[in-house]
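A quick write-up on the structure given underneath.
The values are calculated or read from the model by the stated rules, or taken from the named source; none is laboratory data. No experiment lies behind these values; they were computed from the predicted model shown. Don't worry about glycine lacking a Cβ; one is built from the backbone with ideal geometry, like all the others, and counts go over all protein chains shown. Note: accessible area is taken over every heavy atom of the protein model, side chains too, but ligands, DNA and RNA are not part of it. Shrake-Rupley method; radii C 1.70, N 1.55, O 1.52, S 1.80 Å.
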Amino acid sequence: MHLIPRPCESAWGAGRVAVAEPVVRIDPTAGPAGSTHPERYTLLVEDSGVTILAASGVGVSHARRTLDQLRDADGTAPCGVVRDEPRYDWRGLSLDIARHFFGVEVLRAVIDLLARYKFNVLHLHLTDDQGWRIETPTRPEFAQVSGPTASGGDVGGYLTVADFEGIVAYAAERFIEVIPEIDVPGHVNAATHACGDLMPDGRPTPAYGGLEVGFSRLTYDLPATRPFLRDVFGDLAGVTPGQFLHIGGDEAHQLGTDEYVRLVEAACAEVTEAGKRVVCWQEGAQAPLPAGSVVQWWDPRIDPAPVLRAAADGARVVISPSDRIYLDMKYTTDYPDGQDWAALIEVRDSYEWEPLEVLEGLSPESIVGVEAAIWTENIATADALFAMLLPRLTAVAEVAWTAPAGRDWVDFRRRVAAEAGHWRAAGLAFHPSPQIDWVG
Ligand code: TNX
């Protein structure tokens, strides 16, 4: 279920009932007829009370979320039934805490939102040119030296192992997997700033607070490079219970293809050695990827041939079209925060698109899911961050949950309007898009 029940899947009575604690039953017949999806559920709202049927705990959680969205401020919900299952198994948000640092409190609020809209992946972009945001116990210098730096010369910070583990646990309680990213072999100025051995001249690079991308790089033939990859991906694996590590791989504009491919292969080898599966941005598909890898497609301007080849070889693909669901894109030209290189993106643009249509030649079975992204070069505060996420995050949720036949902009905008009360109560900033008739 997305925001509230789809009319086609639901049979609504006229009445409303006061919502009491639901009766919960684990029942394999839950969900749409014939569904075997592990996340399937049925929610019954009747005069006699509320009943949840689900195949497992995650389905129970989804049903409770749907009930939360159905329930009005007066505590009543409409009588009816919802039988639902997600369209995609990977419903994610990539959050850049490297350009600007957002700590535990903001991350928990983001996770609460992801849970409310039944996402199941939080991808944390932990390192970039501007900062290094994770304690790596075997190499403490990275967070010590490049933790304090950030975009615009702002104050940085980093997650200790305990912080990170706390976030992972908080997310897991809400059926969300954290996928941490250390971005290599480009976007590495925070690393080269902390460790001159990663540079051919042995000299640490200056801290960087600007907006440029693609200027930094690792060097394959330096003795420090492989140990760096081994140590940081090994440390990351050690604190990550989930099966995936993200190796980045985007925008390594200073590297020739051969060296780029060798570096991506080396990063993949270290991730595999550490017992994890690889996720990489689409450029990484130029390298041979280990079995079970996931490629994140983001840029329609880049030749898609390597992604299509990787998919034909068995890689799964996460769809993150920058012109639809890059939530750091401005809503309008005069919007104060964010960027506009991919598009101006209003909530309807994030809603009315179809994952099967964005990458021609990709077979539907290759698509594992949909992931929005929010980059924070010029998103400096929690309010700016949430106003970028809301309301567009709800549109992403519905695209990830619901096939086109079940999507309806008019119905969606009515349901989004009703969410504003929750955001206000939670103290979350949102963009009052003129496309929605906000209530209250
Ligand atoms: C592209 S998307 C990037 C990021 C920038 C973002 C700004 C991707 C894989 N790389 O490094 O922050 O554009 O919108």
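Structure above, values below:
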| quantity | calculated |
| --- | --- |
| Candidates D328, D340, D323, D303, filtered to the one that is free of Cβ contacts under 8 Å to residues at least 60 places away in the same chain, over 30 Å from G275 (Cβ atoms), charged (D, E, K, R) and in contact with a helix residue (DSSP H, G or I) (Cβ under 9 Å, 6 or more places away or on another chain) | D323 |
| Selection within the stretch 218-240 - farther than 30 Å from A169 by Cβ, open to solvent by 50 Å² or more (accessible area, probe 1.4 Å) and in a helix (DSSP H, G or I) | R226 |
| Hits in the stretch 218-237 - residues which are within 25 Å of the chain's Cα centre (by Cα) and without any contact (Cβ under 8 Å) to a residue 40 or more places away in the chain | A237 |
| Lone qualifier among A77, A73, A63 - being assigned to a loop (DSSP other than H, G, I, E, B) and either more than 22 Å from D112 (Cβ to Cβ) or of a type outside the set (V, I, T) (or both) | A73 |
| Test result for E259, of a type in the set (D, E, K, R) and either open to solvent by less than 20 Å² (accessible area, probe 1.4 Å) or over 27 Å from L114 (Cα atoms) (or both) | yes |
| Lone unmet requirement of (1) farther than 28 Å from D68 by Cα; (2) within 16 Å of the ligand (Cβ to nearest atom) for E360 | (2) |
| Count of residues meeting criterion [among the β-branched types (V, I, T) and more than 27 Å from G152 (Cβ to Cβ)] in the stretch 348-380 | 4 |
| Within the stretch 262-271, considering residues that are more than 16 Å from V294 (Cα to Cα) and among the aliphatic types (A, V, I, L, M), the one surrounded by the most Cβ atoms within 10 Å (Cβ to Cβ) | L263 |
| Only one of V104, V58 that is under 30 Å from T160 (Cβ atoms), modelled with pLDDT of 95 or more and touching a helix residue (DSSP H, G or I) at 6+ places or on another chain (Cβ under 7 Å) | V104 |
| Condition check for Q339: surrounded by fewer than 24 Cβ atoms within 10 Å (Cβ to Cβ) and more than 12 Å from the ligand (Cβ to nearest atom) | no |
| Flag for A73 being open to solvent by 30 Å² or more (accessible area, probe 1.4 Å), free of Cβ contacts under 8 Å to residues at least 12 places away in the same chain and of a type in the set (G, A, S) | no |
| Test result for W353, of a type in the set (F, W, Y), away from the ligand (no atom under 16 Å from the Cβ) and part of a loop (DSSP other than H, G, I, E, B) | yes |
| Flag if E265 is away from the ligand (no atom under 16 Å from the Cβ), closer than 18 Å to V188 by Cβ and at pLDDT 95 or above | yes |
